[in-house]
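S.K.: Questions regarding the structure given below will be posed in turn.
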Protein chains: 2
Amino acid sequence: MERIPILQMGDLLLVTIQVDMHDQLALALQDDLSERIQRTSARGVLIDISALDIVDSFIGRMISTISSMGRIMDAATVVVGMQPAVAITLVELGLTLDGVRTALNVERGMQLLRQSHNAEAP
Amino acid sequence: MERIPILQMGDLLLVTIQVDMHDQLALALQDDLSERIQRTSARGVLIDISALDIVDSFIGRMISTISSMGRIMDAATVVVGMQPAVAITLVELGLTLDGVRTALNVERGMQLLRQSHNAEAP
């Protein structure tokens, strides 16, 4: 179980982070995600962090990297399911998830991605 | 992180199992799932096991229990993402997932649930 599964739903990819992230796992996730975006022509990536009680600068940086990487490959990233306590801590620590969009839950995240996708369509 | 997150998508619930299950975690998941089915009026539960390299009798029993529990609450359960090696081992061990439906991946699982739901409609 040394890899985080990536689920495909239409042209969206969904990743649920449940375990403590460490360097190798974060790198593997970035590799797997970029490979899957390319292979499936995904337009969006949803990262669910509802299981995380703590988001530190390491996780924050990983999410920013995934988001930047996705953007280059034309896939938007939305972080969903953030716990209230995590949001409070992020603000208190001054950790801004630069360029990362967030939504309350998976459903709203999917809506957000669909809207932005439609808005971009000619 | 002592609970497995349950994601809602429309009238479906999605659970991705990524960590080693133990008694407490399995019980917590069953409790959480039944509570969520009731609260959200979900019609289906998708259990993704693509991250599992091994499905032993404990996991098998947990999945059967969740499926039976869901059925009583009028929510169908579909197990998705089973690795080929896991399928082979299940057959070799004679572990049948009684009354549990399976699908290759999340998308097909969602299709299956939608079809069965429509078929039941008057």
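The values are calculated or read from the model by the stated rules, or taken from the named source; none is laboratory data. What you see is a predicted model, and the numbers here were worked out from it, not measured in a lab. Backbone-built Cβ (ideal geometry, glycine too); neighbour counts: all protein chains shown. Side chains are part of the model used for accessible areas, which takes the heavy atoms of the whole protein and leaves out ligands, DNA and RNA. Shrake-Rupley method; radii C 1.70, N 1.55, O 1.52, S 1.80 Å.
S.K.: Which condition does A:L52 not pass, out of (1) open to solvent by 10 Å² or more (accessible area, probe 1.4 Å); (2) assigned to a loop (DSSP other than H, G, I, E, B), if it passes all the others?
M.R.: (1)
S.K.: Take A:M21 and decide whether it is modelled with pLDDT under 95 and not in a loop (DSSP other than H, G, I, E, B).
M.R.: no
S.K.: Can you tell me which residues in the stretch A:8-30 are surrounded by 12 or more Cβ atoms within 10 Å (Cβ to Cβ) and away from every other protein chain (no Cβ under 14 Å)?
M.R.: Those that are surrounded by 12 or more Cβ atoms within 10 Å (Cβ to Cβ) and away from every other protein chain (no Cβ under 14 Å): A:A26, A:L27, A:Q30.
S.K.: Just to verify a result, which residue in the stretch A:78-102, among those that are open to solvent by less than 20 Å² (accessible area, probe 1.4 Å) and within 14 Å of another protein chain (Cβ to nearest Cβ), is farthest from B:I4 (Cα to Cα)?
M.R.: Of everything passing the filter in the stretch A:78-102, A:V78 is farthest from B:I4 (Cα to Cα).
S.K.: While we're here: I need the full set of residues from the stretch B:59-104 which are part of a loop (DSSP other than H, G, I, E, B), without any contact (Cβ under 8 Å) to a residue 60 or more places away in the chain and at negative phi, in order please. Break it down into steps so the answer makes sense when it comes.
M.R.: Taking the stretch B:59-104 as the starting set, the residues that turn out to be part of a loop (DSSP other than H, G, I, E, B) are B:73-75, B:81-83, B:94-100, B:104.
Then drop every residue that is not without any contact (Cβ under 8 Å) to a residue 60 or more places away in the chain, which leaves B:73-74, B:81-83, B:94-100, B:104.
If the condition is that a residue be part of a loop (DSSP other than H, G, I, E, B), without any contact (Cβ under 8 Å) to a residue 60 or more places away in the chain and at negative phi, then B:M73, B:M82, B:Q83, B:L95, B:T96, B:L97, B:D98, B:V100, B:L104 are the ones that fit.
S.K.: Residue check: is A:R36 in contact with a strand residue (DSSP E or B) (Cβ under 9 Å, 6 or more places away or on another chain), free of Cβ contacts under 8 Å to residues at least 40 places away in the same chain and within 14 Å of another protein chain (Cβ to nearest Cβ)?
M.R.: Values: in contact with a strand residue (DSSP E or B) (Cβ under 9 Å, 6 or more places away or on another chain): yes; free of Cβ contacts under 8 Å to residues at least 40 places away in the same chain: yes; within 14 Å of another protein chain (Cβ to nearest Cβ): yes.
So A:R36 passes the test.
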